[in-house]
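*Asks:* Would you mind keeping the following structure in view while I ask a few things?
The values are calculated or read from the model by the stated rules, or taken from the named source; none is laboratory data. Please read these numbers as outputs of a predicted model, since none were measured by experiment. Note that we place each Cβ from the backbone using ideal geometry, even for glycine, and neighbour counts take in every protein chain shown. Quick note on the areas: whole protein, heavy atoms, side chains included, nothing else; ligands and nucleic acids left out. Shrake-Rupley method; radii C 1.70, N 1.55, O 1.52, S 1.80 Å.
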Amino acid sequence: MAGERLLAEWFPEFADALDKIDALYKEKRLIDEKTYQFICFALAIKARSKPCLLKHFMGALEAGATVKELAYIMALTFREAAGGDDCWTHDALGDWRQMIAEGLQSSSCCAK
């Protein structure tokens, strides 16, 4: 990844620290490799990271997952994301009638 190469060149201490964190996660992992790959696959979908998506898709297959299982993880990720978006949006707009009645202006929504 270009961002990692830039970090390695210009902030190698940070890149090294990330490598140490990765090693620590692997050493202390309390779940099996396939479950780990499933979680990372779902997170890659949410992060919209194609390199991570491909890495964890193949990693899951190498850990014994099937394409059918990965399709299920995809569907689960899509559904949970939609549910979270729905809940958050309805919660954030829960008092929409009151906001309108009070004359809330768009310019005041982000006022500091």
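*Asks:* One residue is enough: does the stretch 61-72 have a residue meeting the conditions surrounded by 12 or more Cβ atoms within 10 Å (Cβ to Cβ) and in contact with a Leu (Cβ under 8 Å, 6 or more places away or on another chain)?
*Replies:* Checked the stretch 61-72: at least one residue is surrounded by 12 or more Cβ atoms within 10 Å (Cβ to Cβ) and in contact with a Leu (Cβ under 8 Å, 6 or more places away or on another chain).
*Asks:* Please find, within the stretch 1-17, the residue that is nearest to K55 (Cα to Cα) out of those that are at pLDDT below 90 and aliphatic (A, V, I, L, M).
*Replies:* M1
*Asks:* Is it true that some residue in the stretch 74-85 is over 19 Å from A47 (Cβ atoms) and either open to solvent by less than 90 Å² (accessible area, probe 1.4 Å) or touching a strand residue (DSSP E or B) at 6+ places or on another chain (Cβ under 9 Å) (or both)?
*Replies:* no
*Asks:* Same structure, new question: Does I21 count as in contact with a Leu (Cβ under 9 Å, 6 or more places away or on another chain), under 24 Å from L6 (Cα atoms), without any contact (Cβ under 8 Å) to a residue 40 or more places away in the chain and of a type in the set (V, I, T)?
*Replies:* Answer is no for this residue.
*Asks:* Which of the following residues is open to solvent by 80 Å² or more (accessible area, probe 1.4 Å), of a type outside the set (S, T, Y) and under 18 Å from the mean Cα position of the chain (by Cα): K50, K20, K34, K28?
*Replies:* Exactly one residue qualifies, and that residue is K50.
*Asks:* Kindly list the number of the only condition in (1) in contact with a Pro (Cβ under 9 Å, 6 or more places away or on another chain); (2) not in a helix (DSSP H, G or I) that fails for G103.
*Replies:* Going through the list (1) in contact with a Pro (Cβ under 9 Å, 6 or more places away or on another chain); (2) not in a helix (DSSP H, G or I), G103 breaks only (1).
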